[in-house]
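Provided herewith is a single structure, encoded as structure tokens, for subsequent inquiry.
The values are calculated or read from the model by the stated rules, or taken from the named source; none is laboratory data. Predicted model only: the values in this text are computed from it and were never measured. Note that we place each Cβ from the backbone using ideal geometry, even for glycine, and neighbour counts take in every protein chain shown. Protein only, heavy atoms only, side chains kept; ligands, DNA and RNA dropped before computing areas. Shrake-Rupley method; radii C 1.70, N 1.55, O 1.52, S 1.80 Å.
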Amino acid sequence: MSLLEGKIGLVVGVANKRSIAWAIAQAWRNAGATLAFTYQGERLKENVEELAGAFGPDTLLLPCDVTRDEEIAGVFAAIAAKFGKLDLLLHSVAFAPRDALEGSFVNTTRDAFRVAHDVSAYSLVALARGAAPLMTGGGSILAMTYYGSEKVVPHYNVMGVAKASLEASARYLAYDLGPKKIRVNCISAGPVNTVAARGIAGFGDMFKHYEARSPLRRNVLAEELGATGTFLASDGAAAITGQVLYVDCGYQIMGM
Ligand code: 0WE
């Protein structure tokens, strides 16, 4: 099956082999896409190099700190030069200072609020603006989000507020870019045991909670996020834009 044959995709947010971005990148690759990856800083360069290296010589690897406009510009200049177009963009980036995820939301500092929104939400707007001129045949933009954007998940705090901003940004981008046949959607994933999540206090309990309470009585697998990512990137989703798709074993429908 080659749902994405001939498509060029940009993947932002691979840190290691457990990253959700890596699961979606593998699914896109297996569906026939050619990919470019960004890495955040020299610390993660080797990881991404090693992972993306398996994808062969047509794979592009570019530095990108999403808080730096000049690095974002550099990414799209390199994609324009190598491929001349772009079809797919994955945004799988989030950060809030650790303190902000441990204490009470009411104590969120101005700086933690700013950083969380800059890295986790504004970056989608900046990346979409850079991508759009290259998406000459239409495109699919995907962003990862989480239920803490709409209901209170204790300790998710300012990340929940930033994810609400990300989801609203996806809707406004969907409106702006719709006339160019560029779709913008979010995947709201249930908890996944990534390196970013593992350090969070109580993550193990949350995993067990989803297992006990979700209709499917289990947690989502990274491969399942890959499959949904491939669907949303494909022509099967040609009429879907501005949406948040819950890939959470049904957890979001529950009232109690
Ligand atoms: O979006 C996320 C987490 C993203 C994240 C993770 C970290 C850990 C290290 C953002 N910033 C940081 N900053 C760090 O210093 N998730 C959906 C996973 C997650 O994080 C939680 C969760 C869930 C679920 C934090 C508290 C409560 C639930």
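Give the residue that is most open to solvent (accessible area, probe 1.4 Å), with candidates limited to residues of segment 94-141 that are within 16 Å of the ligand (Cβ to nearest atom), among the aliphatic types (A, V, I, L, M) and under 27 Å from residue 233 (Cα atoms).
94
So which residues in segment 226-254 are more than 20 Å from residue 91 (Cβ to Cβ), part of a loop (DSSP other than H, G, I, E, B) and either among the acidic types (Asp, Glu) or open to solvent by less than 50 Å² (accessible area, probe 1.4 Å) (or both)?
Scanning segment 226-254 gives 249, 250.
Do the conditions hold for residue 161, that is, is it surrounded by fewer than 22 Cβ atoms within 10 Å (Cβ to Cβ), at pLDDT 95 or above and within 13 Å of the ligand (Cβ to nearest atom)?
Considered against the rule, which asks whether it is surrounded by fewer than 22 Cβ atoms within 10 Å (Cβ to Cβ), at pLDDT 95 or above and within 13 Å of the ligand (Cβ to nearest atom), residue 161 comes out as yes.
Let me ask something additional. What are the residues in segment 1-19 that are open to solvent by 50 Å² or more (accessible area, probe 1.4 Å) and within 17 Å of the chain's Cα centre (by Cα), if any?
Selection gives 17, 18.
Hey, residue 148 hits all of (1) touching a residue at least 24 places away in the same chain (Cβ under 8 Å); (2) within 15 Å of the ligand (Cβ to nearest atom) but one; which does it fall short on?
Only one criterion is unmet by residue 148, namely (1).
Out of segment 165-221, which residues are within 14 Å of the ligand (Cβ to nearest atom), part of a helix (DSSP H, G or I) and open to solvent by less than 30 Å² (accessible area, probe 1.4 Å)?
166, 167, 197, 203, 210
Do we have residue 153 as open to solvent by less than 70 Å² (accessible area, probe 1.4 Å), modelled with pLDDT of 95 or more and either in contact with a strand residue (DSSP E or B) (Cβ under 7 Å, 6 or more places away or on another chain) or within 16 Å of the ligand (Cβ to nearest atom) (or both) here? Outline the logic, then answer.
Details: open to solvent by less than 70 Å² (accessible area, probe 1.4 Å): yes; modelled with pLDDT of 95 or more: yes; either in contact with a strand residue (DSSP E or B) (Cβ under 7 Å, 6 or more places away or on another chain) or within 16 Å of the ligand (Cβ to nearest atom) (or both): yes.
So residue 153 passes the test.
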